[in-house]
1. When residue 118 is evaluated against the numbered criteria (1) at pLDDT 95 or above; (2) farther than 17 Å from residue 189 by Cα; (3) crowded, with 19+ Cβ neighbours inside 10 Å; (4) touching a helix residue (DSSP H, G or I) at 6+ places or on another chain (Cβ under 7 Å), which criterion, by number, is the only one it fails?
2. Residues being over 26 Å from residue 157 (Cα atoms) and either under 13 Å from the mean Cα position of the chain (by Cα) or exposed (fewer than 15 other Cβ atoms within 10 Å of the Cβ) (or both): count how many of those fall in region 220-246.
3. Go through (1) surrounded by 14 or more Cβ atoms within 10 Å (Cβ to Cβ); (2) within 31 Å of the chain's Cα centre (by Cα); (3) on the phi > 0 side of the Ramachandran plot one by one and return the number of the condition residue 185 breaks.
4. With the requirement that a residue be under 14 Å from residue 227 (Cα atoms), outside any strand (DSSP E or B) and touching a strand residue (DSSP E or B) at 6+ places or on another chain (Cβ under 6 Å), what does region 237-275 give you?
5. Out of the residues in region 188-219 that are assigned to a loop (DSSP other than H, G, I, E, B) and over 14 Å from the mean Cα position of the chain (by Cα), state the one that is surrounded by the fewest Cβ atoms within 10 Å (Cβ to Cβ).
6. Could you please find all residues in region 73-130 being part of a loop (DSSP other than H, G, I, E, B) and under 17 Å from residue 180 (Cβ atoms)?
7. Got at least one residue in region 238-247 being farther than 30 Å from residue 70 by Cβ, at pLDDT below 90 and touching a helix residue (DSSP H, G or I) at 6+ places or on another chain (Cβ under 7 Å)?
8. The conditions are (1) outside any loop (DSSP other than H, G, I, E, B); (2) modelled with pLDDT of 90 or more, and residue 224 fails exactly one of them. Which is it?
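The values are calculated or read from the model by the stated rules, or taken from the named source; none is laboratory data. Everything numeric here is computed off the predicted structure, so don't read it as measured data. Backbone-built Cβ (ideal geometry, glycine too); neighbour counts: all protein chains shown.
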C-alpha cells in the first residue's frame, strides 16, 4: 500500500493555524487598545466634570464671602455717628471725612451715598474702579431699601445691577436718622473684579451670562459664544447643569449665579479638556507595545518555520 508523504518543507495545517490564531489575537488586541483608550478618555472627562462642579460650588461660596464683606462695609457706614446728619444736610465734605476711611479699610472699591430721589451726594472709588456718576435715579433697590428699612433685614439686600459702566455686584441699605430713612448707601464691586478674584480661588475661567444668554463678564482670554435664550432662561429657572464645549477643547459647565439667595445670572465655569489627548496617548503607547509584541511573535514563528524546513 502506497503511503502519501508531505513534500519536504511544505507547511501543514499545524503550522497555518498558529498564524490564524495570531491574526485573531491581533484583532482582539486592537479592540482592547481602542477600548482602553476610550476608557481613559472617559475617566479624564468624568474627573474634569467633577472638577467643574466643585469649582461651581466654590464660586457660590466665594460670592457669599464677597457679599458678607460688602454688608460689613455697609453696616460700618450706616452706624457711624454723623453720617445720617451729613446725608440729610447734603454735606459732601463731612461725608468724605467720615466715609472715605471706612471705604479704604474695607477694601470695597465703590461706595455711593445717595438721597431718596437717587441723587448721589458723595461717592468714593478705589484706584481703577469706574468713575462716579451724578445720579442713581430709577434704581428699584433704592425705593425697596427705603420701604423695608424697618423690616426684618433692615432694608439691606444684594443684587446684580447692569450700569452703563458695566455689571456690578451691589449691596444696598438705608441710612436712618431718628428711625426715619434719609437715604441709602450703595457698596459695590464690578462683577468682572468679583469673578476675577474667585477665578483665582477655584482655578477655572468664569463667565456670567444674562437671561438672554449674552456674556456680560468673563475671566477668559476670549469671550465665550452666546447661549441660546431658551437654555439661559431654563438654567436661571433652576434647570439642571448643562455641559458644552467652547473654543474647541474648553469644557464649560453652566448653572446659576446666586446672589442673596436669588438667581442673578447664568454662571459658566470652564476648564481645558485633556481627555482627547489622553485617549490618543493611551492608544499610541498601547499600539507601540502591540507592534513590538507582534514583531517578537512573528520573529519567533519565522524561526520555527526555518527549523521545520531544515528537518
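1. Every condition holds for residue 118 apart from (3).
2. Taking region 220-246 and keeping what is over 26 Å from residue 157 (Cα atoms), we get 220-231, 240-246.
From the residues that got through so far, the ones that are either under 13 Å from the mean Cα position of the chain (by Cα) or exposed (fewer than 15 other Cβ atoms within 10 Å of the Cβ) (or both) too are 220-226, 228-230, 240-246.
So the answer is 17.
3. Condition not satisfied by residue 185: (3).
4. Selection gives 241 alone.
5. The initial filter retains those residues of region 188-219 that are assigned to a loop (DSSP other than H, G, I, E, B), namely 203-204, 210-214, 219.
Pick out the ones that are also over 14 Å from the mean Cα position of the chain (by Cα) and you get 210-214.
Values: 210: 20, 211: 16, 212: 12, 213: 18, 214: 14.
Ranking the qualifying residues of region 188-219, first place goes to 212.
6. Step one: of region 73-130, the residues part of a loop (DSSP other than H, G, I, E, B) are 79-82, 89-91, 107-109, 115-118, 126-130.
Selection gives 79, 81, 82, 89, 90, 115, 116, 117.
7. Among the residues of region 238-247, not one is farther than 30 Å from residue 70 by Cβ, at pLDDT below 90 and touching a helix residue (DSSP H, G or I) at 6+ places or on another chain (Cβ under 7 Å), which makes the answer no.
8. (1)
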